[in-house]
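Take a look at the structure below.
The values are calculated or read from the model by the stated rules, or taken from the named source; none is laboratory data. Computed from a predicted structure; not experimentally measured. Using ideal geometry, Cβ is built from the backbone for each residue, glycine included, and neighbour counts are taken over all protein chains shown. Just the protein is used for accessible areas: all its heavy atoms, side chains included, with ligands, DNA and RNA removed. Shrake-Rupley method; radii C 1.70, N 1.55, O 1.52, S 1.80 Å.
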Amino acid sequence: MLISRSHLCCLIFFSSLISIVISQTHMSSPKDHTALFIFGDSLFDAGNNNYLKNPIGRANFWPYGETFFKYPTGRCSDGRIIPDFIAEYLNLTYIGPYLEPGKHNFKNGVSFASGGAGALDETHQGKTISLKTQLKYFKKVKQQMKQKLGDRETKKLLSRAIYLFSIGTNDYLSPILTNSSLLQSYTKQEYVGMVIGNLTRVLQEIHENGGRKFGFVSVGAVDCLPNVRAFNSEKSGGCVKQVTKIVKLHNKQFSIVMKQLQTQLHGFKYSDFDFYKSLSERIKNPFGYGFKEAKSACCGRGRFRGTGNCGGKGNLFELCDNPDEYLFYDGHPTEKANHQFAELLWSGSTAFTRPCNLEQLLLSENLVLE
């Protein structure tokens with residue numbers, strides 16, 4: 001019987017009894033230490049934007065962080081974000097931002113993610129850490145690890161690590177919400193091709209530097225975010241169809257490219273979480289997932305609490321009493337929602353995470369570069 005490479009990592013899950021232990025504990029064995037390197041935008045930013053001079057956005061002020069950390073960390077949420085939960089499942093401490101001053105323990109990984117970042121250099125240029133710059137920082141980390149651990153241990157750690165990505169949202173939202181001419185200069189297919197092309201080149205370079213296991217959160221249903229609904233001139237404040245079309249095209253093309261990379265790059269394995277589908281389901285049926293409100297944000301101002309900042313000195317804003325009742329905290333998911341999404345990325349079925357989830361990916365053979 002022939003087995004396609006795209007299904008190989010999923011079949012490995014059923015070949016080991018270790019999977020039973022991991023599914024029960026959501027923890028990896030200490031002897032199989034797995035680092036977590038995080039790339040992307042505000043969905044994953046643990047506070048890198050705190051240290052930029054003029055970022056597109058920050059979240060290092062009250063009421064961000066109110067429910068879990070009890071103080072603002074720079075995460076765009078009332079508490080933990082998706083990578084925090086993945087770190088818990090890997091038995092790691094929460095992964096800190098690369099730009100945070102002090103001594104880093106890169107053996108656990110580090111977060112390069114930056115609010116406002118896109119795959120294109122033009123996206124919020126000068127106000128975020130571009131994906132290209134995040135790659136540059138990763139290469140610096142590799143060199144520092146080699147000096148401390150040596151070549152062999154560094155190669156082993158990088159080949160076992162998981163590289164987690166959330167990127168693309170700002171590439172599509174920014175030109176639409178600002179009426180930029182950038183998107184109008186290309187067809188939808190051409191523009192999506194540029195975004196995915198830039199991301200693909202970054203993935204290829206990480207692979208060249210030892211990366212083998214990649215996790216992706218697809219571009220979500222950003223056409224229905226509170227701030228996007230507020231942008232919609234219709235009285236109903238419905239989802240913005242212009243955004244819907246290009247985001248769906250991106251996710252479709254990205255899935256095709258990932259399958260191609262798996263056949264082209266030695267040892268390349270990946271897990272792709274359908275964030276669009278998962279978020280859409282909760283927007284359409286919030287009560288089914290334990291939420292009371294899925295259109296308006298918990299924190300903000302104006303229509304859908306999507307036209308003003310959440311917190312910040314001198315800003316007027318409204319704040320809900322219980323973030324757990326809301327799908328969105330500001331324009332980003334609440335901690336409760338992030339927890340649900342992290343669960344699907346980590347151990348979800350192929351209805352949401354394909355070709356296998358992160359838990360299954362973790363069990364796949366660790367390849368060390370020669």
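Numbers at a glance
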item: Answer label, with Rg and Dmax of the Cα atoms in Å calculated from the coordinates and candidates [x] 26.6, 104; [y] 19.7, 66; [z] 23.2, 85; result: [y]
item: Under 12 Å, Cβ to Cβ, from residue 69 - net charge with Lys/Arg +1 and Asp/Glu -1; result: -1
item: Projected label distance in nm at residue 53 and residue 189, using a 7 Å step from Cα toward the beta-carbon; result: 4.3 nm
item: Options 64, 129, 43, ranked by Cα towards positive dipole end of the chain, top entry (Cβ charges); result: 129
item: The chain: calculated mean residue ellipticity at 222 nm from DSSP helix runs of at least 4, using -39500 (n - 2.57); result: -11500 deg cm²/dmol
item: Surface per residue (accessible, 1.4 Å probe) for the chain, Å²; result: 45 Å²
item: Kirkwood Rh in Å, taken over region 279-370 so that all alpha-carbon pairs contribute; result: 15.1 Å
item: Rounded FRET efficiency, nearest 0.05, which uses the C-beta distance separating residue 209 from residue 248 and R0 of 30 Å; result: 0.40
item: Accessible surface of the chain [probe 1.4 Å, protein heavy atoms]: carbon and sulfur percent; result: 51 percent
item: The chain: most fluctuating residue of 56, 95, 81 per GNM, C-alpha cutoff 10 Å; result: 56
item: Full-extension gain in nm, residue 177 to residue 201, via 0.36 nm per residue minus C-alpha separation; result: 5.9 nm
item: FRET efficiency, 1/(1 + (r/R0)^6) with R0 25 Å, evaluated for residue 62 and residue 257 via beta carbons; result: 0.05
item: Rounded accessible area of residue 350 (nearest 10 Å², 1.4 Å probe); result: 80 Å²
item: Label-point gap, in nm, between residue 318 and residue 303 - each point 7 angstrom along Cα→Cβ; result: 1.4 nm
item: Fraction of beta bridges assigned by DSSP in the chain that are antiparallel (%, nearest 5); result: 20 percent
item: Percent antiparallel among DSSP beta bridges (both partners in region 161-277, rounded to 5); result: 0 percent
item: Sorted peptide list for 71-79, 38-46, 150-158, 284-292, criterion being average Cβ within 10 angstrom, highest first; result: 38-46, 71-79, 150-158, 284-292
item: Candidates 271, 130, 185: whichever shows maximal mean-square fluctuation once the chain is modelled as a Gaussian network with Cα springs under 10 Å; result: 185
